[in-house]
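Remarks on the structure that follows.
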Amino acid sequence: MMTTATTSSTLSPKSGSPGLTVRVGRERSSSIVKVEKVGEESQEEALDQSVYDNVNAEWVNRKGAWLIHPVLIFAGKVVIDTIPGMRQEISWTLVNLLYLGLSYLMFHYVTGIPFHSDLHGGVYDNLTLWEQIDEGAQYTPAKKWLFIVPITLFLASTHYTHYDPWLFAVNLTALILVLIPKLPVFHRYRVRFMVDEEPSGVGTPITPNFPRSGTATPIREDMPIPPITVSEVESRL
């Protein structure tokens, strides 16, 4: 058997309170890691890209562009070997790290084009050089070559460092950081760290001051508020 008992009480306002303020949005919060996509691969963007040749990326397919990579690696190796007391293990590691660092900076860090950006409607402003090569097409001969070169250099540096575990770990870490942005799955995606999130824009009302425990709830004197009825329902089985 179930019985229900209802009790009622009335609370009457006695004093005024400061005005109610509204905070638009919420406070900014920072995310440790945030992955976001830049740009949209639309038909209008494809038309803007095809109006003029992108001179910032077309050199990759020119004669001699592929040969410049082994030439620079060889030249860097010769220069580093001229340092007195340089060991071959350290020399190959420095060559590998310098090449990977420069290639990452050139192909995956700097965005936009340095000249004639207005001719393409600004479609390249947020794209890296790697994303501009061959209009963003994947598995082209130029991109395959740029993918093979760092792997080959890593294998050579691993061999000439006599498979030292510490140097191997350093070279492998650098190689992974350079190869990940080249993967098609990360095309137009950015990994950002410690990013401040924008406010949501939803109005959130807040009360500036709260009364102390045991005092009446403050109200505004110039705004009549009807009594508040509180009903307590007690159920017993």
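Each reported figure results from applying straightforward, stated rules to the coordinates on display, with no laboratory input. Predicted model, so just to flag it, every value in this text is computed and none were measured. Methodologically, a virtual Cβ is constructed for each residue, glycine included, from the backbone with ideal geometry; neighbour enumeration extends over all protein chains shown.
Here are a few things to note about the model shown:
- On the basis of the beta-carbon distance and an R0 of 22 Å, residue 102 and residue 170 show a calculated FRET efficiency of 0.85.
- Stretch gain in nm, segment residue 189-residue 90, where the contour uses 0.36 nm per residue and the Cα spacing is subtracted: 32.2 nm
- For the stretch 70-118, the fraction of alpha-carbon pairs lying more than 14 Å apart is 60 percent, rounded to a whole number.
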